[in-house]
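Everything on this sheet refers to the single structure shown next.
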Amino acid sequence: MRNQYKKLPIILLFILLIFTSCEKLLDKEPTDKLSLEDVFKDTQGAKTALAGAYKSLLTINVYNRNVMVYPDLMGGNIKYSKTANFILDDIYNLIQNQNDCTMNDTYSDLYKQLNNVNNIIAYTPTAAGPEKDKNRMIAEAKCIRALIHFEILRIYARPFGYTPDASHVGIVINLKPQLFGDPAPVRSTVAQCYTAIKNDINEAILLFDNSNVVFPNGYQQNYFSKLNAKAFLSKIDLYSNNFSEAFQLADEVIKEGTYKLLTNAQYVGSWAGRIPSSESIIELPVENDFSSSSLGSYYQISLTPDGMYAATNDILNLYSSTDIRGRNNMFIANTINSTVFYSTKKYEKGSINATPIKLLRLSEIYLIRAEAAAELNRYDVANNDLNIIRKRADSNATDLNLTVKSDLINAVLLERRKELAFEGNLFFDLVRRNQGINRNDCTSPNCSLAFSDYRLVMPLPAQTINANTAIKQNEGY
């Protein structure tokens, strides 16, 4: 898949011009419809578009910065190592607004990418070529669409449990190409949003059963498959409080045996290479042409002009001295103006050998099963899964045997924070558990927010509201 991401045929430029220019689609619908049909005349064109859809996830507004940094910056794992030229500082200082919020481009990029993926899903069925190839491409595109909707929902809407039936406002669910003359889209409820996301994954899982691999030369972790779609669905079920399904899917993925936990000795080194580890389930390879603006470049606080994101004492102090994930092993100390800052090694390679971005790992699946098991009163399973991850990281850790549900869930959440630090989860783990933020090692004028505060949800861009009055702005903006 690395080569498919990087060496895209010239036709991709044509596809991207069509896909990402809303003006083109709006101005000349009949001509562009013919152009799209010509692009998707065969499965090679569809394959090129699918490769482009994967690569489009690697913009700085999506996984190459904003979507990965935002949850740890808001949650309290990240602070700034410099005193000027910040990125996402309006978010950090909790002063974001609808006009110039730095997450506005993330919203726009993700919806543009949805339209790209919707074209793949809409036009591939009529492309000339083997049905099993088409099934595979549609399945992968549906998974990408689910992933994009999931990220938009996490950032721009309240969590599932905010209301008893998740009837509060969610996001616009976009399931078809948007063309001139289409009805103005409106926001669905959060419950409806999760239903749409799950439907995409479940439909994809069925299609995978009757499909051919279309990217045979890449690493399997770089694209969606039946097994990693199940793993992703377990996370979606966890976020939508469907604990029985989350448990079942996580259990299936673990017991299937394709993915294996790294040992303590393998853990640190696994973050330095470009070859997926046995634990990696979904990851995006960062190619050389992205290296100067890769996610890693923002964490290299003493080596690159963009370097600015350091670990807070809040996260560093959670690790014991013998934890392989702690400051002695998984962090680099940098002295800047007589102050020591620590940067994570998870994205240590920020130049020509930029580290791939891991979206889902087996350790998270263990912790999903643990949290779901605790909710289902299966405390033995929850304690066992929790101890597996704890003791893998720290050979001196002793077994936990927690029998109070709230204590066990809190222990799982703590382990998620330690294990998944800087992987884009912390803030979302807090709010889905009805918690606000409380950042201690923090230089913002506003370091804490109650769960009820409107600023825990990002504003929709003003231009979106102005262009479509049917879309209502989030409360408070």
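Considering the stretch 347-393, the residues that are of a type in the set (Lys, Arg) and surrounded by fewer than 23 Cβ atoms within 10 Å (Cβ to Cβ) include one that is nearest to the chain's Cα centre (by Cα), namely 349.
For the stretch 419-433, state whether one or more residues are in the same structural domain as residue 270 (by TED's automatic domain parsing), under 21 Å from residue 97 (Cα atoms) and among the aliphatic types (A, V, I, L, M). Yes - at least one qualifying residue is present in the stretch 419-433. Among the criteria (1) buried (at least 20 other Cβ atoms within 10 Å of the Cβ); (2) touching a Leu at 6+ places or on another chain (Cβ under 7 Å); (3) part of a loop (DSSP other than H, G, I, E, B); (4) of a type in the set (Val, Ile, Thr), the one residue 91 does not fulfil is (3). Within the stretch 97-112, the residues that satisfy the criterion of being assigned to a helix (DSSP H, G or I) and either at pLDDT below 95 or surrounded by fewer than 24 Cβ atoms within 10 Å (Cβ to Cβ) (or both) are 104, 105, 107, 108, 109, 111, 112.
Of the residues 112, 134, 142, 198, which single one is touching an Asp or Glu at 6+ places or on another chain (Cβ under 7 Å), within 26 Å of residue 225 (Cα to Cα) and among the charged types (D, E, K, R)? If you could, list the steps in order and put the result at the bottom.
On the way: 112 fails: touching an Asp or Glu at 6+ places or on another chain (Cβ under 7 Å); 134 fails: touching an Asp or Glu at 6+ places or on another chain (Cβ under 7 Å); 198 fails: touching an Asp or Glu at 6+ places or on another chain (Cβ under 7 Å).
Of the residues listed, the single one that is touching an Asp or Glu at 6+ places or on another chain (Cβ under 7 Å), within 26 Å of residue 225 (Cα to Cα) and among the charged types (D, E, K, R) is 142.
If I filter the stretch 77-86 for residues that are surrounded by fewer than 22 Cβ atoms within 10 Å (Cβ to Cβ) and among the aromatic types (Phe, Trp, Tyr), do I get at least one hit? Looking for residues that are surrounded by fewer than 22 Cβ atoms within 10 Å (Cβ to Cβ) and among the aromatic types (Phe, Trp, Tyr), one finds at least one in the stretch 77-86, hence yes. Residues in the stretch 207-244 that are among the acidic types (Asp, Glu) and buried (at least 16 other Cβ atoms within 10 Å of the Cβ): 237 only.
The single condition among (1) within 20 Å of the chain's Cα centre (by Cα); (2) not in a loop (DSSP other than H, G, I, E, B) that residue 259 does not meet is (2). Would you mention how many residues in the stretch 151-181 are in a loop (DSSP other than H, G, I, E, B) and among the acidic types (Asp, Glu)? Summing the residues that are in a loop (DSSP other than H, G, I, E, B) and among the acidic types (Asp, Glu) in the stretch 151-181 gives 1. Screening residue 204 with (1) exposed (fewer than 15 other Cβ atoms within 10 Å of the Cβ); (2) of a type in the set (Gly, Ala, Ser); (3) in contact with a helix residue (DSSP H, G or I) (Cβ under 7 Å, 6 or more places away or on another chain) gives one miss only, at (1). Can you spot a residue in the stretch 257-266 that is outside the structural domain of residue 339 (by TED's automatic domain parsing), touching a Phe, Trp or Tyr at 6+ places or on another chain (Cβ under 7 Å) and within 21 Å of residue 147 (Cα to Cα)? Scanning the stretch 257-266, I find no residue that is outside the structural domain of residue 339 (by TED's automatic domain parsing), touching a Phe, Trp or Tyr at 6+ places or on another chain (Cβ under 7 Å) and within 21 Å of residue 147 (Cα to Cα), so the answer is no.
Restricted to the stretch 249-272, and to residues there that are within 12 Å of residue 362 (Cβ to Cβ), surrounded by 17 or more Cβ atoms within 10 Å (Cβ to Cβ) and touching an Asp or Glu at 6+ places or on another chain (Cβ under 8 Å), the residue that is modelled with the lowest pLDDT is 270.
The values are calculated or read from the model by the stated rules, or taken from the named source; none is laboratory data. Just so you know, these numbers come straight off a predicted model, no measurement behind them. Methodologically, a virtual Cβ is constructed for each residue, glycine included, from the backbone with ideal geometry; neighbour enumeration extends over all protein chains shown.
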